[in-house]
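Structure record follows, encoded as structure tokens.
The values are calculated or read from the model by the stated rules, or taken from the named source; none is laboratory data. Everything numeric in this text was worked out from a predicted model, so none of it was measured. Reconstructed Cβ throughout: ideal geometry from the backbone, glycine too, with neighbour counts over all protein chains shown.
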């Protein structure tokens, strides 16, 4: 693995190794090895963040490295310097690059033009660090020892709301990799588009998901009920209309009860209680939203360590 730009940049065996490493880092936090010792990693953020920024900065530090936070508006890329020149310059200074931006194409260009590993910390198209973290968090509940990755196979996840967002798209790729069943439910105008189907085809994966406008159908027999905010960053002007059309897809206690009796509730946060989810669901004992948040640190440390030790072409 030279870069981590999309969920499908890792094979199933590589994901299994990442999960094992993340579990070890979680058990031995503060005492494990420091594979980033002597390294500096730059973080270019075009979007605000809590979990992503803090987990990456702390993770780099705990692995022995030095995080350098770069707000897009504070560097020359924000004033017109090309993506390609930015990648070439930063490759002379730092050992890796973490990018949180709008266009997937931008991180692809950074990776192609530079000579250092690049990590996708979120684009409008995909959010692979979150999906890997979510899957790892599920394995903590389901694995009975041995292969963490194997505990995901055959499980059903229901994703409700905006099913054309980066989280839904990453789950489409992730579920295919993890061997999970994926049921998506939202307004028909927010159904997954041809772009994610093209990505599946490009990666040699089958179209594995089911889309329905009936949330009850999606949630039935689900092992996990998942949702995300209805208004993503950059979509604020659509707030009123999005709330109107997506209100039937709110995860209520009544809807959550249609899933399996031991189903988990998940949300990548931040949550907006009263919009995509009821407060009662967030507070349910089977809600594992804060386990997800914590595990961003451990899984991303595994990704960082793996990339830092991978040979460069």
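Listed here are the strands (runs of 3 or more DSSP E) enclosed by region 170-228 that have at least 2 residues being in contact with a strand residue (DSSP E or B) (Cβ under 8 Å, 6 or more places away or on another chain) and touching a residue at least 40 places away in the same chain (Cβ under 8 Å): 224-227. Among residues of region 55-77 being in contact (Cβ under 8 Å) with a residue 60 or more places away in the chain and not in a loop (DSSP other than H, G, I, E, B), the one that is surrounded by the fewest Cβ atoms within 10 Å (Cβ to Cβ) is 58. For region 18-37, does any single residue satisfy the condition of being touching a residue at least 40 places away in the same chain (Cβ under 8 Å), assigned to a strand (DSSP E or B), in contact with a helix residue (DSSP H, G or I) (Cβ under 8 Å, 6 or more places away or on another chain) and farther than 29 Å from residue 203 by Cα? Within region 18-37, none of the residues are touching a residue at least 40 places away in the same chain (Cβ under 8 Å), assigned to a strand (DSSP E or B), in contact with a helix residue (DSSP H, G or I) (Cβ under 8 Å, 6 or more places away or on another chain) and farther than 29 Å from residue 203 by Cα. Restricting 204, 274 to those that are under 20 Å from residue 131 (Cβ atoms) and exposed (fewer than 13 other Cβ atoms within 10 Å of the Cβ) reduces the list to 204.
Of all the residues that make up region 96-111, how many are touching a strand residue (DSSP E or B) at 6+ places or on another chain (Cβ under 6 Å) and assigned to a helix (DSSP H, G or I)?
Of the residues in region 96-111, 3 are touching a strand residue (DSSP E or B) at 6+ places or on another chain (Cβ under 6 Å) and assigned to a helix (DSSP H, G or I).
With respect to the stated conditions, residue 100 fails to be at pLDDT below 95 and more than 20 Å from residue 311 (Cα to Cα). Residues in region 229-244 that are surrounded by 13 or more Cβ atoms within 10 Å (Cβ to Cβ) and assigned to a loop (DSSP other than H, G, I, E, B): 229, 230, 231, 232, 233, 235. The number of residues in region 6-17 being outside any helix (DSSP H, G or I) and either buried (at least 21 other Cβ atoms within 10 Å of the Cβ) or out of contact with any strand residue (DSSP E or B) (no Cβ under 9 Å at 6 or more places or on another chain) (or both) comes to 2.
Would a scan of region 112-123 turn up a residue that is part of a helix (DSSP H, G or I), in the same structural domain as residue 17 (by TED's automatic domain parsing) and free of Cβ contacts under 8 Å to residues at least 40 places away in the same chain?
Looking through region 112-123, at least one residue is part of a helix (DSSP H, G or I), in the same structural domain as residue 17 (by TED's automatic domain parsing) and free of Cβ contacts under 8 Å to residues at least 40 places away in the same chain.
The C-beta contact set for region 78-97 (first residue surrounded by fewer than 17 Cβ atoms within 10 Å (Cβ to Cβ), second residue modelled with pLDDT under 95, distance under 7 angstrom, 6+ apart or interchain) comprises 78/72.
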